[in-house]
Amino acid sequence: MAWWPIGASLFASSEGSGLFIGLAGTGAAGGIAVTGFEWNATYALLALAWVFVPVYISSGIVTMPEYLQRRFGGERIRMYLSGLSLLLSIFTKISTDLYSGALFVQVCLGWDLYLSTVLMLLVTGLYTIAAFNEIGGYPNLEEAYLKAVPSKIVPNTTCHLPRADAMHLFRDPVSGDLPWTGMTFGLSIMATWYWCTDQVIVQRSLSAKSLSHAKAGSILASYLKMLPLFVIIMPGMISRILYPDAVACVDPEECARVCGAAVGCSNIAYPKLVVELMPSGLRGLMIAVMMAALMSSLTSIFNSSSTLFTMDIWRKLRAGAGERELLLVGRVVTVVLVALSVVWIPILQSSSGGQLYVYIQAVTSYLAPPVTAVFILAVFWPRANEQGAFWGLMAGLALGLARMGLELTHPTPRCGVPDRRPWLLADIHYLHFAVLLCAATGAIVVGGSLLGPPPAPARLKDLTWWTLSREPPQLSVDGTSQGPLDGEDTTEPPFWARVCGINALVLMCVNIFCYAYFA
């Protein structure tokens, strides 16, 4: 069925090797709280299918920047969002996939990191192996994890000890490494950006045969998002239990010797488990699978990035560009993005205490919330205009880059080193910053819009939730649909609408139960 590849690809695009290894590493370092990043996606995916996709379909757009251009008019917002999407591809997608894939090969085969990075551009992989039998099963996981301490520690510190709240999703809003307030509100903002407005994700739903297929794909992806706790994060925790001197190292010299990163080696949790527990034949198979996943993830990113640049930027610079020129430009852009991403890897490697997944979420929290605010207001507030949206994005970008610059110039102190970072870093968690940044952007958009004239009602047709056409598309004489996007429309057969609705309710019940059980 058509919804199966859409649902699987929605899941796979978020579970490329970068997030895959990052999840395992963060699980090894901090326990199961990072599962909240995965389970939170359920609600964003349902919002994508039930709210955002109908608007996108009716508007007849191909890219997300194109939607904002049609909604607000003008070109500057579309150009800005296209450029921001390309930057995020470099900072959080291509570079992390390349780095994590190279790290996997480096640990498995002992190859040089940068040699591995180049080789990972040609081959790839996905999925995990559970190792619960090595620790006596799930009942022993919590007890064994809390005892997983490296033999070489930094004197007079506690950073070598696992967190006491490692098995809890909801953690202290002040002292927690992932405070429940940030995981509830800040993470929801970032999830809305990623699942509902990011080109890599939304382009899959826009390729669905119908709205029912798009909903089914989101539901399938949501079911799959319930699995990472058991197939990625807990194996990462087991890796710390089995190899504390490597995965849980805290001494800078020891960490540099183990994995080449003085800030910590939690990112090697998953490849270490594969290398040590799997026989040679299966180890080679896992390397091949890991490479396949990376290729799938990178292909999606390259496709969406080249589409964004050629359709939203290059065509504006050269209106008469032909298909051959656009194809060549798209290929050149892909090469440039890869080169810039490779250059960015050393910065990525030393950021966020060496935890890859934390780095991804932190950078996203600095750059994505303004986009979330603008899209939500664009869809749900017809009074929003181009002036308010543009200056809201500019102000949000300035605030986000300021925080990101501080993060890069004042990295998380190593074990035993006093934290003398500015208060904006030391006292405001990046998830809390995401909430503040989204609220500030929204306030500026509202204020700027009220100072200018409202959009003409004719311009808003099919571009907001309240002006959405809900009638079936007209058929031509040959019986083909004349709706947007080559026949996809926002109507649904009653039977499949009920099936999707029932599955959405079941999914939310399962999600709420899991949250309550591990809270």
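Out of the residues in region 322-341 that are over 19 Å from the mean Cα position of the chain (by Cα) and surrounded by 15 or more Cβ atoms within 10 Å (Cβ to Cβ), which is farthest from MET64 (Cα to Cα)?
Top of the filtered list is LEU340.
Could you check, for region 223-239, whether at least one of its residues is closer than 30 Å to VAL62 by Cβ and surrounded by fewer than 22 Cβ atoms within 10 Å (Cβ to Cβ)? So that I can check it myself, show each step before the final result.
Our first condition is that a residue be closer than 30 Å to VAL62 by Cβ; within region 223-239, this holds for 223-225.
Still in the running and surrounded by fewer than 22 Cβ atoms within 10 Å (Cβ to Cβ): 223-224.
Yes; the residues of region 223-239 include at least one that is closer than 30 Å to VAL62 by Cβ and surrounded by fewer than 22 Cβ atoms within 10 Å (Cβ to Cβ).
Evaluate region 183-197: report whether one residue or more is surrounded by fewer than 18 Cβ atoms within 10 Å (Cβ to Cβ), under 25 Å from VAL371 (Cβ atoms) and modelled with pLDDT of 85 or more.
The first filter runs over region 183-197 and keeps only residues surrounded by fewer than 18 Cβ atoms within 10 Å (Cβ to Cβ), leaving 184-185.
Keeping just the survivors that are under 25 Å from VAL371 (Cβ atoms) gives 184-185.
Now drop any that are not modelled with pLDDT of 85 or more, which leaves 185.
Yes, region 183-197 contains a residue that is surrounded by fewer than 18 Cβ atoms within 10 Å (Cβ to Cβ), under 25 Å from VAL371 (Cβ atoms) and modelled with pLDDT of 85 or more.
What number of residues within region 202-227 satisfy the criterion of being under 15 Å from the mean Cα position of the chain (by Cα) and of a type in the set (Ser, Thr, Tyr)?
Residues that pass the stated criteria total 1.
Inside region 416-425, can you point out the residues that are surrounded by 13 or more Cβ atoms within 10 Å (Cβ to Cβ) and farther than 18 Å from LEU401 by Cβ?
GLY416
Considering only region 404-438, state which residues are under 24 Å from the mean Cα position of the chain (by Cα), in a loop (DSSP other than H, G, I, E, B) and touching a residue at least 40 places away in the same chain (Cβ under 8 Å).
PRO411, THR412, HIS429
Which of the residues spanning region 256-271 are in contact (Cβ under 8 Å) with a residue 12 or more places away in the chain, outside any loop (DSSP other than H, G, I, E, B) and either at positive phi or not β-branched (Val, Ile, Thr) (or both)? First the steps, then the outcome.
Of region 256-271, the ones in contact (Cβ under 8 Å) with a residue 12 or more places away in the chain are 258-271.
With the extra rule that they be outside any loop (DSSP other than H, G, I, E, B), the set shrinks to 258-259, 266-271.
The answer is CYS259, SER266, ASN267, ALA269, TYR270, PRO271.
Look at PRO370 and say whether it is in contact (Cβ under 8 Å) with a residue 40 or more places away in the chain, in contact with a helix residue (DSSP H, G or I) (Cβ under 8 Å, 6 or more places away or on another chain), surrounded by 14 or more Cβ atoms within 10 Å (Cβ to Cβ) and not in a helix (DSSP H, G or I). Lay out the reasoning, then the answer.
Numbers: in contact (Cβ under 8 Å) with a residue 40 or more places away in the chain: yes; in contact with a helix residue (DSSP H, G or I) (Cβ under 8 Å, 6 or more places away or on another chain): yes; surrounded by 14 or more Cβ atoms within 10 Å (Cβ to Cβ): yes; not in a helix (DSSP H, G or I): no.
Taking the combined requirement at face value, the residue does not satisfy it.
Out of the residues in region 455-514 meeting the condition of being at pLDDT 85 or above, farther than 26 Å from ALA389 by Cα and small (Gly, Ala, Ser), tell me which one is surrounded by the most Cβ atoms within 10 Å (Cβ to Cβ).
Of everything passing the filter in region 455-514, ALA504 is surrounded by the most Cβ atoms within 10 Å (Cβ to Cβ).
Being hydroxyl-bearing (Ser, Thr, Tyr) and closer than 26 Å to ALA144 by Cα is the filter here, so list the residues in region 181-240 that pass it.
Residues of region 181-240 that are hydroxyl-bearing (Ser, Thr, Tyr), as a first pass: 181, 184, 188, 192, 194, 197, 205, 207, 210, 212, 218, 222-223, 239.
Once the filter is applied, which keeps residues that are hydroxyl-bearing (Ser, Thr, Tyr) and closer than 26 Å to ALA144 by Cα, region 181-240 yields only SER239.
Which one of these does GLU66 not meet: (1) touching an Asp or Glu at 6+ places or on another chain (Cβ under 9 Å); (2) at pLDDT below 85; (3) of a type outside the set (Phe, Trp, Tyr)?
Failing condition for GLU66: (2).
Could we say that GLY217 is in a loop (DSSP other than H, G, I, E, B) and buried (at least 24 other Cβ atoms within 10 Å of the Cβ) here?
On the way: in a loop (DSSP other than H, G, I, E, B): no; buried (at least 24 other Cβ atoms within 10 Å of the Cβ): yes.
No: the conditions fail for GLY217.
Listed here are the residues, each with its yes/no results for (1) at pLDDT below 95; (2) of a type in the set (A, V, I, L, M, F, W, C); (3) in contact with a Gly (Cβ under 7 Å, 6 or more places away or on another chain).
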| site | (1), (2), (3) |
| --- | --- |
| LEU401 | yes, yes, no |
| GLY405 | yes, no, no |
| HIS410 | yes, no, no |
| PRO413 | yes, no, no |
| HIS429 | yes, no, yes |
| ALA443 | no, yes, no |
| VAL446 | no, yes, yes |
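Quick one: what pairs do we get from region 439-450, first residue more than 13 Å from THR372 (Cα to Cα), second of a type outside the set (A, V, I, L, M, F, W, C) and in a helix (DSSP H, G or I), C-beta under 6 Å, 6+ apart or different chains?
Matching pairs, first to second residue: ILE444/GLY392; GLY448/GLN387; GLY448/GLY388; SER449/GLY388.
The values are calculated or read from the model by the stated rules, or taken from the named source; none is laboratory data. Since this is a predicted model, take the numbers as computed values, not measurements. Every residue, glycine as well, gets a Cβ built from its backbone with ideal geometry; the counts of neighbours run over all protein chains shown.
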